[in-house]
Amino acid sequence: MNNTKAALKTAAPKQKKRKVVSLDRKKARSGWLFVLPFVIGFAIIYLPIVLDSIWLTFNSVRTVRQQGLQLTFIGLDNYKTALFEDANFVQTLTGGLRQLVIDIPAIVIFSLFIAVLLNQKMVGRAAFRAIFFIPVILATGLIAEIDAGNTVNQYMSGTSGIETGENIESSASQIISSADISMLFSNMSVGSGLVQTITDLVNDVYNIINRSGVQMLIFLAGLQSIDPAIYESCSIDGATSWETFWKITFPMISPMILVNTIYTVIDSFTSADNSVMNFISNYYNTTSMVVSSAMAWIYFVIVVAIVAIVSAILSAYIFYQRRD
Amino acid sequence: MTDNPIKVTKETKKKIRVEFERTSAWKKFKLKYLSLNFLGMTIFKIFRLVLLIGISYVILYPFFTKIASSFMSPTDFVDVTVMLIPKSPTLNTYKQIIIENHYFQALFNTLILSLICGVIQTFICCVIGYGFAKYHFKGSKLLFLCVVLTMIVPHQTIRYSMFMKFRYFDIGYFDFGILSLFGDKDGINLINTFIPLIMLSIFGLAFKNGLYIFMMRQFFKNVPDELEESAYIDGSGTFRTFMQIILPLSVPMMVTIFLFAFSWQWTDNFYTSTSMFFPGKSQVLLSKIVSIPRTLDTNYPGGNLFSAAIRNTCGLLIIAPLLVVYLFCQKFLVQGIERSGITG
């Protein structure tokens, strides 16, 4: 009697376990089936392209008539050319990275701010939302390219800058005069570097607004997913909205800040109006395609390092609300 | 008992009539509107409104100037007194661009390309995102890392290899003599066709598809498993469940992604440029119409402004159809993202 019971006891879990495994396997199989398009594409198209691109940077390329390209392995020479021989690359790179460091906090903070505003109940919220998301759809690719070399806009808005000093008179429609800001700050005797940074940011406001559309959407989604009951209990306890923002909204939205920071880095890094990318594209078209690939990979490695560092720092401060 | 505001005036068997001491209208008004809190709220609301209107102005202003300058005749650009409203409005710029740059042909071609790519990308990213969200199999984390990789390697970095891949297309080590059936030994030339872009879309590798897959995955993670489980119990298979239960659920999200895919393909200037998949004049696409028509003379003192205005007009013509799509879909944009709950 006891024996059979024990046997049953040992048999039953075994049987159950085997069944679980088979279901798992079945599920795994359908999982593979769902991601199959990506797997195939990655294996036969993407991976060869990426590997080929990396491999090219270790070679010198010569176009031979009727045979296509002739590759000769030259080791790290292309990288040496990019880093030590080309006069402009390192300068452009450091300039671009500095711009990245300034732009990213500006974009993330701006988009969070606007998302909080657009999340509040008010008259015309739908209209404002529609306007704010226009750049996501319209100010990309071709339009951004056209805008980049645009003289009409500058002429019309008279923001051709204080450096040239030409268009100051026609500033009837100017948004904000950067000369005023410089004046304000120079009276406060802060460093000229800070003044320059802030002036740049203000002059760049159109650019920043244009680039923070998707981030705004992501923040808005995050704000919507915060339980209203938390806010309710907060206001019952007598918290002001300032306190509510820093004690509730900010911690709850902090995972989004990480996502958005990474997205912003990647987006500005892959966008065509990025100065480094422009430089690389020009180099591709004019001088040497292999060296430009080497440059692009150097840039890529640096940006990935930045993403890694930023996400390591930020994820230490992130608050995750466990939902399960 | 005297300071009790409630007075019981009459007491019958059934009814008790109670009279409250009412606060006067003035007192109510004072309490409601003359408090510091109300003042703060009002100031905040005004500030918020001004700020939002200001930023909207910054966003919309370039469009106004572009529209204004597109109607200007060449002489308006020399005239200093003309700021925003043209003195001698003309439709000539539009006319010449539409005729000389083959606008409608480009529109038609781009519409077809964007529609095909948009629909395929939406569906494929939906499928892949579902696979990543609901199934945990060996290597799924690594695969997702690959998705992230495709997102962060800029396509400019690999443009040359990508071009070569589709110029001499083969499928590498998976080729078992299939492609030799098509004749060419060096692989098939797919340049100047829509096939490279469609192929990238089918495999979820096109522009920003990593982002769509990520968004879809987050969305499906929030869909409760019980839905599928009950469908399975009712005897529905995996794919039927996906098609009949999951897809209808995710319509707002799919509209969002379609909007992104469609419009980013529409304004794309990388893949459709001459140095990528469409060299030469064989395919007329919208990215090619940004040029100055020969009949418009820009060779005069204010000419550079005029040529910039022409380019802007091209831009306006490009985004005009997109704006219509946006106005219809923008409601879904917020809705879809809201429901995705891309939280953590």
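For B:PHE169, what residues show an amide H to amide H distance below 5 Å, using hydrogens built from the backbone and excluding near sequence neighbours?
Under 5 Å from the amide H of B:PHE169: B:ILE188, B:ASN189, B:LEU190.
What is the order of B:SER250, B:SER140, fewest Cβ neighbours within 10 Å to most?
B:SER140, B:SER250
Using the count of nearby Cβ atoms within 10 Å as a rough guide to exposure, how do B:THR65, A:THR81 rank from fewest to most?
A:THR81, B:THR65
At what distance in nm do the modelled label points of A:ASP52 and A:GLN99 sit from each other, each positioned 7 Å from its Cα along Cα→Cβ?
According to this spin-label approximation, the distance is 3.0 nm.
Return the long-range amide H neighbours of A:ASN59 (sequence gap of 5 or more, or a different chain), with a cut-off of under 5 Å between placed amide H atoms.
A:ILE74
With r as the distance between the Cβ atoms of B:PHE20 and A:ASN278 and R0 = 51 Å, compute the FRET efficiency 1/(1 + (r/R0)^6) and round to 0.05.
With a Förster radius of 51 Å, E is 0.10.
Please compute the modelled spin-label separation between A:ALA127 and B:VAL251, points set 7 Å along Cα→Cβ, answer in nm with one decimal.
Label at B:VAL251, label at A:ALA127, 2.9 nm between them.
Rounded to whole Å, give me the distance from the Cα center of the range B:75-124 to that of the range B:293-328.
6 Å
Can you list residues from other chains, or at least 5 along the same chain, whose modelled amide H is less than 5 Å from the amide H of A:ALA139?
none
At 0.36 nm per residue, and after removing the present C-alpha to C-alpha distance, how many nm does the segment from B:ASP79 to B:LEU34 gain when stretched out fully?
10.8 nm
Go through the range A:113-119 residue by residue and turn each phi into a ³J(HN,Hα) via Karplus (6.51, -1.76, 1.60, θ = phi - 60°); whole Hz please, and just put x for glycine and proline.
Result, rounded to whole Hz: 4, 5, 4, 4, 5, 6, 7.
Starting from 0.36 nm per residue, how many nanometres of slack lie between A:LYS247 and A:SER311 once their C-alpha separation is accounted for?
Contour length minus the Cα-Cα distance gives 20.8 nm.
For the range B:101-340, what are Rg and Dmax over the alpha carbons, in angstrom?
Using the Cα atoms of the range B:101-340, the pair Rg, Dmax is 21.3, 77 Å.
Quick one: Karplus J couplings for the range A:25-31, per residue in order, coefficients 6.51, -1.76, 1.60, θ = phi - 60°, nearest Hz, x for Gly and Pro?
5, 5, 5, 4, 5, 5, x
Rank the residues A:ARG129, B:ARG48 as a footprinting-exposure proxy: fewest other Cβ atoms within 10 Å of their Cβ go first. Mind showing how you got there, number by number?
Values: A:ARG129 19, B:ARG48 14.
Going from sparsest to densest Cβ surroundings: B:ARG48, A:ARG129.
With 25 Å as the limit, write out which pairs from B:LYS134/B:LYS331; A:LYS121/B:LYS32; B:LYS134/B:LYS208; B:LYS95/B:LYS208; B:LYS66/B:LYS95 have Cα-Cα distances beyond it, or answer none. Write down the numbers at each step before the final one.
Values: B:LYS134/B:LYS331 28 Å; A:LYS121/B:LYS32 20 Å; B:LYS134/B:LYS208 22 Å; B:LYS95/B:LYS208 35 Å; B:LYS66/B:LYS95 16 Å.
Result: B:LYS134/B:LYS331; B:LYS95/B:LYS208 exceed 25 Å.
With only alpha-carbon atoms in the gyration tensor, what are the semi-axes of the equivalent ellipsoid for the range B:11-158, in Å, largest first?
55, 41, 19
Let's test the formula: R0 of 41 Å, r as the Cβ-Cβ distance of A:ASN285 and A:SER233. What FRET efficiency results, to the nearest 0.05?
0.10
Per-residue Cβ counts within 10 Å, from other chains only, averaged over A:298-304: what number is that?
2
Once you put a point 7 Å from the Cα of A:GLN196 and another 7 Å from the Cα of B:ALA320, both along the Cβ direction, what distance in nm separates them?
Taking the two extended label points, one gets 4.5 nm.
For the range A:49-62, take each phi angle, set θ = phi - 60°, evaluate the Karplus expression 6.51 cos²θ - 1.76 cosθ + 1.60, and give the result in whole Hz per residue in order, putting x for glycine and proline.
4, 5, 4, 4, 5, 5, 4, 4, 5, 9, 10, 9, 10, 10
Checking a compactness column here: for the range A:212-324, what do you get for Rg(Cα) / (2.2 N^0.38 Å), N being the number of residues?
Compactness ratio reported: 1.50.
A short reminder: the numbers here are calculations on the coordinates, not readings from a lab. Note that the coordinates shown come from a computational prediction; the quantities given were computed from them, not determined experimentally. A quick note on method: Cβ atoms are made from the backbone with ideal geometry, for glycine too, and the neighbour counts reach across all protein chains shown.
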